[in-house]
Amino acid sequence: MGFLDDRDRHMSDDKKLTTRAENFSEWYNELVLRSELADYSPVRGCMVIRPHGYGIWERMQRALDDMFKATGHVNAYFPLFIPESFLSKEAEHVEGFAPECAVVTMGGGKVLEERLVVRPTSETIIYSMFAKWVQSYRDLPLLYNQWANVVRWEMRTRLFLRTMEFLWQEGHTAHTTHDEAEEETRRMLGVYREFMEGHMAMPVITGQKTDSERFAGALRTYSCEAMMQDNRALQAGTSHNLGQNFAKAFDLSFQNEQGEQAFAWNTSWGVSTRMIGGLVMTHGDDAGLRLPPRLTPIQMVIVPIWKTDDERDATIAMAKRIADELGNFKRPDHERIRVHVDDRQGVKPGSKYYHWETRGIPLRLEIGPRDLASSSGMLVRRDSREKRPIAFDALRTELPVILDQIQDDMLAAARARVEANSIRERISYDRFKEIMAGPGAFVYAGWNGDPAVEARVKEETKATIRCIPDPEFRSPVPPTTCMVTGEPAKHEVIWARAY
RNA sequence: CGGGGCGUAGCGUAGCCCGGUAUCGCGCCUGCUUUGGGAGCAGGAGGUCGCCGGUUCGAAUCCGGCCGCCCCGACCA
């Protein structure tokens, strides 16, 4: 393998990351391990999320949970185990999920009378409970969310992107009408987009999935699709209008204003720790991770520099004073900044720089004896590498501005990359094949609506229709013909190879 | 599950073809000197060579079987 031959040069120098250009997938794996986001576990296909990675997840949870609450949702928790019979109650659902379910057959040393499925998703058990709690239209809507782990028996796994167990949130709602459920489905898709762009600085395209990519048991599935730096698509979040399929399967019905019995309309929507993989592949560079200020567990690291013992004591003391002041949660009069002081002794400053750059910390403040004398430090941005002096007095007011600027710049840079690797002009199917075999892209093209065409393209190029994009993402001049068959186009769609 | 690759110290590896009790780098520990971009010197700890069996006076090395992991496919948030 060429890439490995190339790596041989670095065999004794494990300080260098494999570059993205050399081998993107190797770069990703190394980066996740080296930046201490996660590690492989003793169980095949499962991962350990380490504190740095879990810290990002906690910040994701906090932001999303606030958004869910702000849109009227409440949290609850449903069991990990689901009676096997529940899965079978919705035909399409069981067909979609049964092959990837882990099933408990024994408990307390005895064979179970009814086997228990470890949830791959919780529609069945949640709607069975909703059915108990809903009698009247006055009981609706139910707007629930749960933070949980789920298990899917995957053939091939990758850290964060596809593991057998993963952490996620799943929203489950019940409504009186189709339109209200549809509105909820779209609203939550919008919440996801807002989170991904606003917090992750990861631009996404929203749109509807084709039937072949629709959630098993849903009427319609919508998704947020992000483009990674290898030009492949990552489905970062989904929102489903489930129609009445589960309501009928679990007898989730109510009496409406007219006194008639009616089935409820459900939605479900979820995002997972997979987003952390998306974060890595959106912003990481050959030096390591780059984390957006809103999600990074540490926003600024202070590296004290000294020669003598006196200087060591003085710079560390100053560093800690600054960290305390900026990070003090008892001071509501200013925005709290998450600061870490790297006062490790016996580790040289340069080594500390690499350490924190690998881990993606957005800002570094260097404080040495010269800086102490001038009451200022050197501030370095991880995203742009820009370096400039800053007065200690100015930190409190300037840092929030700089952090916001970094957040904005990261989104803008990612947007520019996505646009640069999107193809909106009409291309031939032959050209399309070349692109998918080569650099890859998001290709906007006409599609005749035939699933057979979709299957054929997947077979021939491994590319799939990521979505039928929402209006704001469509091309100014819509395609009129199908890229593959030349027949009249039914939709403009986005083709790409996906994770 | 199909194809490819790999299992030797915490990590990365040499040795294997051609059998004689394991090499080097990183990391770790101790001491001294160091600290504005990955520190230096000295000393030290750490090994069922993936597992089981076979051949042999002797196996990391040869033979058979098994297990695990990674990569590429099929499947998928």
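The values are calculated or read from the model by the stated rules, or taken from the named source; none is laboratory data. Just so you know, these numbers come straight off a predicted model, no measurement behind them. In this analysis, Cβ positions are derived from the backbone assuming ideal geometry, glycine residues included, and neighbour counts consider all displayed protein chains.
Here A:R20 does not fit the description of being within 12 Å of RNA strand B (Cβ to nearest atom) and modelled with pLDDT under 90. Restricting the first member to the stretch A:356-378 and to residues that are more than 30 Å from A:M200 (Cα to Cα), and the second to residues that are of a type in the set (G, A, S) and modelled with pLDDT of 95 or more, the beta-carbon pairs closer than 7 Å and six or more apart or on different chains are A:D371/A:G377; A:L372/A:A314; A:S375/A:A391; A:S376/A:A391. Pick from the stretch A:152-177 the residues that are aromatic (F, W, Y), more than 6 Å from RNA strand B (Cβ to nearest atom) and on the phi < 0 side of the Ramachandran plot: which of them is surrounded by the fewest Cβ atoms within 10 Å (Cβ to Cβ)? Here the residue is A:W153.
Taking the stretch A:296-313 as the range and being hydrophobic (A, V, I, L, M, F, W, C), assigned to a loop (DSSP other than H, G, I, E, B) and within 13 Å of RNA strand B (Cβ to nearest atom) as the test, the residues that pass are A:I305, A:W306.
This table checks each residue for (1) hydroxyl-bearing (S, T, Y); (2) within 16 Å of RNA strand B (Cβ to nearest atom); (3) not assigned by TED's automatic domain parsing to the domain that holds A:A323.
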{"residue": "A:L399", "(1), (2), (3)": "no, no, no"}
{"residue": "A:A413", "(1), (2), (3)": "no, no, no"}
{"residue": "A:M436", "(1), (2), (3)": "no, yes, yes"}
{"residue": "A:P469", "(1), (2), (3)": "no, no, yes"}
{"residue": "A:P476", "(1), (2), (3)": "no, no, yes"}
{"residue": "A:E492", "(1), (2), (3)": "no, no, yes"}
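If only residues of the stretch A:423-434 that are part of a helix (DSSP H, G or I) and out of contact with any Phe, Trp or Tyr (no Cβ under 9 Å at 6 or more places or on another chain) are counted, the one that is farthest from A:A226 (Cα to Cα) is A:D430.
Applying the selection to the stretch A:439-474, what residues are under 26 Å from the mean Cα position of the chain (by Cα) and assigned to a loop (DSSP other than H, G, I, E, B)? Answer for the stretch A:439-474, where residues must be under 26 Å from the mean Cα position of the chain (by Cα) and assigned to a loop (DSSP other than H, G, I, E, B): A:P439, A:G440, A:A441, A:K462, A:A463, A:D470, A:R474.
Just the residues that are touching an Asp or Glu at 6+ places or on another chain (Cβ under 6 Å) and buried (at least 18 other Cβ atoms within 10 Å of the Cβ), please, taken from the stretch A:475-499. Answer for the stretch A:475-499, where residues must be touching an Asp or Glu at 6+ places or on another chain (Cβ under 6 Å) and buried (at least 18 other Cβ atoms within 10 Å of the Cβ): just A:P479. For A:E36, are the conditions met, namely being assigned to a loop (DSSP other than H, G, I, E, B) and at pLDDT 85 or above? Yes.
Which of the strands (runs of 3 or more DSSP E) found entirely inside the stretch A:191-295 contain at least 2 residues meeting this: within 15 Å of RNA strand B (Cβ to nearest atom)? Break it down stepwise before answering.
Values: elements: A:204-208, A:220-227, A:233-243, A:253-255, A:261-263, A:265-272.
Correct list: A:204-208, A:220-227, A:233-243, A:265-272.
Condition check for A:E95 on (1) in contact with a strand residue (DSSP E or B) (Cβ under 8 Å, 6 or more places away or on another chain); (2) of a type in the set (D, E, K, R); (3) part of a helix (DSSP H, G or I): one failure, at (1).
Which is of a type in the set (A, V, I, L, M, F, W, C) and under 15 Å from A:V301 (Cα atoms), of A:L395, A:L411?
A:L395
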